[in-house]
Amino acid sequence: MSKSSDTMWKPGQKAPASGFYECDAGCWHRFSTNVAGHVLPPLPDGCAGTGWRLVEQRPGSAE
């Protein structure tokens with residue numbers, strides 16, 4: 001399952017889907033969540049971004 005989104009989520013918001021997220025600044029900072037609903041982390045120190053974008057959706061479970 002793959003999805004690229006122009007929608008951005010702020011750090012501290014719940015991830016809308018399981019998958020890989022990248023910062024919106026194009027710095028290649030990535031975060032993986034295996035379960036939708038997990039809270040997205042702060043961006044790394046020095047990152048010029050303002051949030052996370054879902055770049056690849058994956059199946060996830062609430063286990």
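For the reader, a short list of remarks on this structure follows.
- In this simple spin-label model, placing a label point 7 Å from the Cα along the Cα-to-Cβ direction at both ARG58 and ARG30 gives a separation of 0.9 nm.
- Loop-located trypsin sites (Lys or Arg not before Pro) in region 1-60, at most 14 other Cβ atoms within 10 Å (DSSP): LYS3
- Distant-in-sequence amide H partners of ALA15 (H built 1.01 Å from N, under 5 Å): GLY37, HIS38, VAL39, LEU40
Each reported figure results from applying straightforward, stated rules to the coordinates on display, with no laboratory input. Given the structure is predicted, the values throughout are model-derived calculations rather than measurements. Counting neighbours? That spans all protein chains shown, and the Cβs are built from the backbone with ideal geometry, glycine included.
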